[in-house]
1. Which members of the stretch 95-117 meet the condition of being closer than 19 Å to Val154 by Cα and touching a Leu at 6+ places or on another chain (Cβ under 7 Å)?
2. If I go through the stretch 302-328 residue by residue, how many of them are within 14 Å of ligand 2 (Cβ to nearest atom), part of a loop (DSSP other than H, G, I, E, B) and touching a residue at least 24 places away in the same chain (Cβ under 8 Å)?
3. Tell me yes or no: at least one residue of the stretch 160-169 is within 30 Å of Lys31 (Cβ to Cβ) and either touching a strand residue (DSSP E or B) at 6+ places or on another chain (Cβ under 8 Å) or outside the structural domain of Gly58 (by TED's automatic domain parsing) (or both).
4. When you look at Arg332, is it without any contact (Cβ under 8 Å) to a residue 12 or more places away in the chain and within 9 Å of ligand 2 (Cβ to nearest atom), yes or no?
5. If we scan the stretch 92-105, do we find a residue that is hydroxyl-bearing (Ser, Thr, Tyr) and out of contact with any strand residue (DSSP E or B) (no Cβ under 8 Å at 6 or more places or on another chain)?
6. Just the residues that are among the small types (Gly, Ala, Ser) and either surrounded by 10 or more Cβ atoms within 10 Å (Cβ to Cβ) or assigned to a strand (DSSP E or B) (or both), please, taken from the stretch 100-127.
7. Within the stretch 82-99, take every residue that is of a type in the set (D, E, K, R) and surrounded by 16 or more Cβ atoms within 10 Å (Cβ to Cβ) and give me the one that is farthest from Leu144 (Cα to Cα).
8. Give the residue that is nearest to ligand 1 (Cβ to nearest atom), with candidates limited to residues of the stretch 320-350 that are among the polar types (S, T, N, Q) and surrounded by 13 or more Cβ atoms within 10 Å (Cβ to Cβ).
Amino acid sequence: MDALPITPGELLCLGSSLAFSGLFYYLHRRKAKVAAKIQEAPKLQVGDDLRAVLSATGTSCLQYVAIEGVVQPDEAALTSPYHKELQGVIERLVLKEHRLVWNSLARSWVDSERVVLEQVHSVPFVLTSPGGKAGAKVSVESPLRAVELPLETVYERFQQTAHGFKDLLSHYLSGEKPKGFLETEEMLLVGSSLTGIGELALHPDGSLHLQPPADGAGYFLRLSDWQSLLAELESTSSFWKWATLLCGLAAAAALLRALCRAYWSRRLKQEKEQERRAFEDLRLHKGLAAEPDEELPASICVICLSNPRQCVLLPCGHACCCFRCFQALPRRTCPICRSPIDRVVPLYLV
Ligand SMILES: [Zn+2]
Ligand SMILES: [Zn+2]
């Protein structure tokens, strides 16, 4: 049975390239779909007559819209514990420990961080008209379910850890050096311009709500406009497309290499088979049996049947007799094929 025309290395390369290519294509399609959906979504502002837009569609719900407005708390706002004058509707407090860890492979200290504490607080909030139109508002539902929280850093403090001589020794022994703690506070501030992309629903009491889409499409709350989100998604989608293409090319190269090798190996095999047949034909043509004579040892002179064969008769090439028998030939013709002998060379068997 023929060996597999592909080596394990090529098979691994082909398999992994195809798997990565499939994964990257899936990521590309997912980003491209979200980008297309955002492009098609109606672009609204809180000041617009949203009830009229909804009644024009004949439903109480628009599945996917991009809406811009200004953040205002529905009731009481959150106050920053570090800056009493700052008020927000979402707050995230994070405490991270920074340390240096000895990497024995790289033979150096590398930075490492660990979240010690994370707290997220939010209060109900609405988007109001950027133009200051009174009464126009849209409640933002489940803001913590957004793809990424629209927060800006309002406080950051790094507290360095003090080290004594004993500590330094224990750091070298344990392979870990604490650097310090980073405390940050991020907030979605009252008065920020926010773009929400999701489902817009009109409740029976006449209030408008922006909520995560029921069909599972992305729910976005951003401090930038929808165009910058679209540009980001398109750039990510394009990155995954190129990654898919590169992996596809790697898979094609591995396959082509295996096919080329299989072709050359088959061709070499055919050439060898042709040569073998030609040699057999030649042997038959020269009057030799296709297989060596069982009764006569192949190395014994065919004339005296006692001495080893020693001569190659040229040009016919028969190596059939010892030198004494060659000298004793009545005519200078080959005893096998009768062709004239021009010269004789010694036979070397190895
Ligand atoms: Zn002989
Ligand atoms: Zn001959």
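The values are calculated or read from the model by the stated rules, or taken from the named source; none is laboratory data. Because the structure is predicted, anything quoted here is derived from the model rather than measured. Note: ideal-geometry Cβ built from the backbone for every residue, glycine included; neighbour counts use all protein chains shown.
1. Answer for the stretch 95-117, where residues must be closer than 19 Å to Val154 by Cα and touching a Leu at 6+ places or on another chain (Cβ under 7 Å): Leu95, Lys96, Leu117.
2. Residues meeting the conditions: 8.
3. Looking through the stretch 160-169, none of the residues is within 30 Å of Lys31 (Cβ to Cβ) and either touching a strand residue (DSSP E or B) at 6+ places or on another chain (Cβ under 8 Å) or outside the structural domain of Gly58 (by TED's automatic domain parsing) (or both).
4. When the stated conditions are applied, Arg332 does not pass them.
5. yes
6. Within the stretch 100-127, Ser108, Ser112, Ser122 qualify.
7. Among residues in the stretch 82-99 that are of a type in the set (D, E, K, R) and surrounded by 16 or more Cβ atoms within 10 Å (Cβ to Cβ), the one farthest from Leu144 (Cα to Cα) is Arg99.
8. It comes out as Thr333.
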